[in-house]
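Where a number appears in this text, it was derived from the coordinates with a stated rule and is not lab data. Small disclaimer: the values here were computed from a predicted structure and weren't measured. All Cβ positions, glycine included, derive from the backbone under ideal geometry; neighbour counts span all protein chains shown.
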């Protein structure tokens with residue numbers, strides 16, 4: 001059973017930020033020790049509360065804030081997603097399927113139907129690590145301990161790129177698609193508002209900040225905006241799981257290409273499941289930018305995909321991720 | 001707790017609609033909807049198995065969508081409409097008659113869609129939500145529709161058949 005806590009309904013984002021600011025003033029050294037936390041879908045938060053990984057004194061419910069579940073689109077300004085848009089709504093929105101295909105696909109592949117009905121896009125980006133040492137009864141480095149047990153332990157699901165002191169991977173699927181579409185987070189604190197690209201939002205945990213993202217103790221996401229993609233932009237999200245549905249990604253790829261006639265004017269290839277943050281396969285992007293569709297289909301996609309994985313440093317149990325990542329990149333590019 | 005935060009620690013009274021009837025419960029904020037249904041309202045059809053949103057045995061319908069009641073706080077269901085397995089069978093208008101099973105329940109019996117039966121209420125509620133959104137699903141859509149519900153007996157093929165049979169029964173019942 002969860003430890004007792006208070007529960008407060010916020011009626012505005014500003015009120016939620018104020019409650020976070022007042023309650024988390026003492027600035028706990030570990031993010032897990034924040035006395036006040038927001039609850040939206042609750043699908044991740046309640047699991048870490050039930051496992052006593054976090055034990056907030058107060059939950060601030062933001063589902064009572066009006067209009068945070070809106071999806072709006074305007075060609076001039078692009079797509080506006082409220083942080084409470086459910087994964088189900090993302091998955092079914094016609095315009096998102098049409099113009100931001102990889103995002104709808106990522107939402108669809110993210111979890112079971114029940115979880116997609118409950119989970120919000122904002123909360124999805126703020127999920128805690130799924131590493132079993134983090135979730136289990138281990139005082140691991142990410143939780144403030146001295147050692148990452150996954151490095152020498154059971155690391156089948158862990159990072160093969162950009163490994164820091166923690167080698168977890170970020171569990172979000174939509175994150176990769178949002179980055180491919182150059183999305184920006186609008187973040188509100190008690191006294192200031194700031195904008196941050198989704199790509200910058202995710203961080204490799206550092207000794208000073210053992211967290212997977214840059215959200216401060218007193219901040220919340222109030223909107224996610226995506227520019228309108230140029231004409232002839234196509235995207236896809238591919239995700240490999242242990243089974244066909246409802247698992248976390250072993251490896252995933254959001255790929256987006258903007259064509260200029262027969263040429264690739266812009267390419268974005270963002271991988272999940274391979275690094276502590278969503279990983280931009282820059283080498284592969286550079287390899288294909290400016291090249292033609294027929295190049296792509298006559299060996300270029302394969303070459304670019306394999307180059308993208310050349311810096312991988314697999315651990316004892318996750319060497320499969322490098323060839324899997326290359327295969328997914330290739331398959332994604334050939335689908336565009 | 002910081003003194004300048006509003007107090008909300010103690011139990012509170014919330015009213016929600018469960019199977020078309022208003023129910024009032026007096027619960028702590030940490031009470032899940034699942035525990036409120038089972039412990040406070042005596043509706044034990046929704047099952048507590050993993051209690052972490054992984055198995056689907058606690059599936060109920062909130063509004064018009066299937067959710068996991070183990071990852072839902074009861075206090076956040078105030079004013080909401082909840083459907084559980086107990087609400088599916090309807091009274092037959094003929095005097096002295098027994099409850100009439102819902103088409104999905106009927107289909108589960110016809111298709112032998114369970115062994116131990118523990119996951120069945122969750123499976124049925126997931127299928128009910130699926131059929132309300134998609135009255136004529138393909139086999140693949142049924143598989144996706146119950147992909148959030150585990151059956152450790154492995155009765156899946158018959159669960160899929162039952163869902164397709166229920167869709168047929170509901171369509172012909174018009």
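Does chain A come out rounded, prolate or oblate by the C-alpha gyration tensor, with a ≥ b ≥ c the root eigenvalues, rounded set by a/c under 1.5 and, if not, prolate when a/b is larger than b/c and oblate if not?
oblate
Highest mean first, what order results for B:154-165, A:139-150 on Cβ atoms within 10 Å?
Averaged packing, sorted descending, gives the order B:154-165, A:139-150.
Return the single residue from B:32, B:24, B:13 with maximal mean-square fluctuation; model: Gaussian network over chain B, springs between Cα atoms under 10 Å.
With Cα springs under 10 Å in chain B, the top fluctuation among B:32, B:24, B:13 is at B:13.
Taking the Cα atoms only, what angle lies between the long axis of helix A:321-334 and the longest principal axis of chain A, rounded to 10 degrees?
60 degrees
Which of these, A:292, A:252, A:235, has the largest mean-square fluctuation under a Gaussian network model of chain A (Cα springs below 10 Å)?
Largest GNM mean-square fluctuation: A:292.
With each label point set 7 Å from Cα along the Cα-Cβ vector, what nm distance links residue A:214 and residue B:100?
A separation of 6.1 nm, rounded to one decimal place.
Could you check which residue among A:41, A:153, A:23 shows the biggest mean-square fluctuation in a GNM of chain A with a 10 Å Cα cutoff?
Largest GNM mean-square fluctuation: A:153.
Could you please state, rounded to a whole Å, how far the C-alpha centre of the stretch A:248-270 is from the C-alpha centre of the stretch A:137-154?
Cα centroid of the stretch A:248-270 versus Cα centroid of the stretch A:137-154: 34 Å apart.
Using the alpha-carbon centroid of each, what span in Å lies between the stretch A:200-232 and the stretch A:300-336?
Distance between centres, Cα-based: 25 Å.
Determine, for A:237, A:279, the number of other Cβ atoms within 10 Å of each Cβ, and report the residues in order from fewest to most.
So the residues, fewest neighbours to most, are A:279, A:237.
Based on the Cβ-Cβ distance from residue A:293 to residue A:165, what FRET efficiency comes out when R0 is 45 Å, to the nearest 0.05?
My answer for the efficiency is 0.60.
Taking the Cβ of each residue in A:152, B:86 as the centre, tally the other Cβ atoms inside 10 Å and list the residues starting with the fewest.
A:152, B:86
What does the C-alpha gyration tensor say about the overall shape of the stretch A:136-262? Classify as rounded when a/c is under 1.5, otherwise prolate if a/b is larger than b/c, or oblate.
Taking the square roots of the gyration eigenvalues as a ≥ b ≥ c, the stretch A:136-262 is oblate.
Checking the a/c ratio against 1.5 first, then a/b against b/c, what shape does the Cα gyration tensor give for the stretch B:90-173?
The shape class here is oblate.
Could you give the angle, 0 to 90 degrees to the nearest 10, between helix B:120-133's Cα long axis and the longest principal axis of the Cα atoms of chain B?
Roughly 80 degrees, rounded to the nearest 10.
Take peptide A:245-257, look around each residue's Cβ out to 10 angstrom, count Cβ atoms belonging to other protein chains, and average those counts.
That works out to 1 on average.
Only helical DSSP H runs with n ≥ 4 go in: add -39500 (n - 2.57) per run for chain A, normalise by residue count and round the 222 nm mean residue ellipticity to 500 deg cm²/dmol.
Mean residue ellipticity at 222 nm (helix-derived): -7000 deg cm²/dmol.
Indicate, rounded to the nearest 5 percent, the antiparallel portion of the DSSP beta bridges found entirely in chain A.
So the antiparallel bridges amount to about 80 percent of the total.
Summarise the partner chain shielding of B:136-147 as one whole number: the mean count of Cβ atoms from other chains within 10 Å of each residue's Cβ.
Mean partner shielding for this stretch: 2.
Determine the distance separating the Cα centre of the stretch A:28-46 from the Cα centre of the stretch A:70-121; give it in Å without decimals.
Using only Cα atoms, the two centres lie 24 Å from each other.
Counting other beta carbons within 10 Å of each residue's own, what order do B:128, B:47 fall into, fewest first?
Lowest count first: B:47, B:128.
Please compute the average number of Cβ atoms from other chains found within 10 Å of each residue's Cβ in peptide B:53-59.
Counting other chains' Cβ atoms within 10 Å and averaging over B:53-59 gives 4.
Quick check on packing: order B:134-140, A:218-224, A:304-310, B:57-63 by the mean number of other C-beta atoms within 10 Å, highest mean leading.
B:57-63, A:218-224, A:304-310, B:134-140
Using 1/(1 + (r/R0)^6) with R0 = 22 angstrom and r between the beta carbons of residue B:133 and residue B:20, what's the FRET efficiency to the nearest 0.05?
FRET efficiency, residue B:133 to residue B:20: 0.65.
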